[in-house]
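The values are calculated or read from the model by the stated rules, or taken from the named source; none is laboratory data. These numbers come from a predicted model, not from an experiment. Because the Cβ atoms are built from the backbone with ideal geometry, glycine has one as well, and the counts that use them run over all protein chains shown. What goes into the accessible areas is simple: the full protein's heavy atoms, side chains included, and nothing from ligands, DNA or RNA. Shrake-Rupley method; radii C 1.70, N 1.55, O 1.52, S 1.80 Å.
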Amino acid sequence: MQLLDGKSLAQQIKEEIKQEVDKRIAAGFKRPHLAAILVGSDGASETYVGHKVKSCQQVGFESTLLRFPDTTSEQEVLDAVNDLNSNSEIDGFIVQLPLPKHINAESVINAIDPLKDVDGFHPVNVGKLTLGLPTFVSATPKGIMTLLERAEVDTQGKHCVVIGRSNIVGRPMSILMSASGNPGNATVTLCHSRTQNLTEICKQADILIVALGKAEFVTGDMVKEGAVVIDVGITRVEDGSKKSGYALKGDVHFESVAPKCSYITPVPGGVGPMTVVSLMQNTLQAAEGKLA
Ligand code: GUN
């Protein structure tokens, strides 16, 4: 069993991005600039946005964090999005999800200029991804593709089972893995909460990508010997022995699954850091204006 070490790969890619930024600065371009809108005080979202801001510093980007209280109206968020759309200092921006219940996330995402949508959530960018056209690939699926690519995992003709059909991870992941390319060219099964015989399907997976958000859902008896397992889950579970009061758990029960795998991602230190570094890659791409 080999660990797919997202933490160290993300570190390496950050250094590559930093070198690109240094080159751009030397050539007279401005620093790439990422902005983030954070509404409310969800603990996990605070942590994720904090990682994004810190990564910007590490790769030499400017960053701007726009914080809004829980009570912010949808119109105020839409106004902030429009300001960022028209601000030529900003190359790309994200609206951290989830938004408070009274704000329609779909309306907010639709308002983002697709050329600044470095999360790749806008319908125009999702459409391009589906058609295999150049676009911003959303950060978590992009990070997983990079992990598989750099570890030289063979996906050609393999059976890839994805659990979870979210717009952010499962659905785009299924599209990327079935698309022509390397990694890619897999035969994909997309499973979700209504799937019957889930264990039987998982057992057929050469590559199992788990993104349903239930701590330790996938256990050893659901995994084929030699499978590649990618764990996207990151759930906070109460743990009195930790200073924070919680432990982070993946969607995969690591102890029973890992011994059966050829490769597996740890939680934390697997997919999470790759998500953040993919956002940095997308922001550099936005600054380069190659998609415009
Ligand atoms: N919430 C969970 N994952 C993400 C992400 O990749 N981007 C944004 N904006 N919100 C998220």
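The mean of 1/r over all distinct Cα pairs in region 172-291, once inverted, gives the Kirkwood hydrodynamic radius of 15.9 Å.
What the phi angles of region 16-22 give under the Karplus curve with 6.51, -1.76 and 1.60, with θ = phi - 60°, is a coupling list of 5, 5, 4, 4, 4, 4, 4 Hz, glycine and proline written as x.
3J(HN,Hα) along region 130-137: 4, 8, x, 8, x, 6, 7, 8 Hz, from the Karplus curve 6.51 cos²θ - 1.76 cosθ + 1.60 with θ = phi - 60°, whole Hz, x for Gly and Pro. Based on the reciprocal of the average 1/r between different C-alpha atoms, the Kirkwood radius for region 207-252 equals 11.4 Å. Rg ratio for the chain: its Cα radius of gyration over 2.2 N^0.38 Å, N being its residue count, equals 1.00.
Go ahead and set up a Gaussian network model of the chain, Cα springs under 10 Å, then flag whichever of Lys101, Lys142, Lys30 fluctuates most. The residue with the greatest mean-square fluctuation here is Lys101.
The mean accessible area for residues of the chain, using a 1.4 Å probe and ignoring ligands and nucleic acids, is 47 Å² per residue. Most fluctuating residue of Ala179, Ala247, Ala36 in a GNM of the chain with Cα springs under 10 Å: which is it? Of Ala179, Ala247, Ala36, the Gaussian network model singles out Ala247 as fluctuating most.
Taking the Cα centre of the chain as reference, the dipole from Cβ charges on Lys and Arg (+1) and Asp and Glu (-1) amounts to some 300 debye. Each peptide in 55-63, 270-278, 17-25 receives the mean, over its residues, of other Cβ atoms within 10 Å, and ordering these scores from highest gives 270-278, 55-63, 17-25. Comparing Lys54, Lys224, Lys243 in a Gaussian network model of the chain where C-alpha atoms under 10 Å apart are linked, the largest mean-square fluctuation is found at Lys243.
One equal scatterer on each Cα of region 114-169, no solvent, Debye formula: the resulting log10 I(q)/I(0) at q = 0.30 Å⁻¹ is -1.21.
Consider all pairwise Cα distances in region 108-222 and report the whole-number % of them above 25 Å. Don't skip to the answer; put the middle values down first.
Values: 1527 of 6555 pairs.
The answer is 23 percent, as a whole percent.
Between amide H atoms placed 1.01 Å from N, distances below 5 Å from Gly92 occur with His33, Ala35, all of them 5 or more places distant or on a separate chain. Seen against the Cα atoms of the chain and their longest principal axis, helix 139-150 is set at about 60 degrees. Protection proxy ranking of 191-197, 251-257, 204-210, by the mean of other Cβ atoms within 10 Å over each peptide's residues and highest first, is 204-210, 251-257, 191-197.
Rounded to the nearest Hz, the phi-derived 3J(HN,Hα) couplings of region 254-268 under the Karplus curve 6.51 cos²θ - 1.76 cosθ + 1.60 (θ = phi - 60°) are 4, 4, 8, 8, 3, x, 8, 8, 7, 9, 8, 8, x, 10, x, where x marks glycine and proline.
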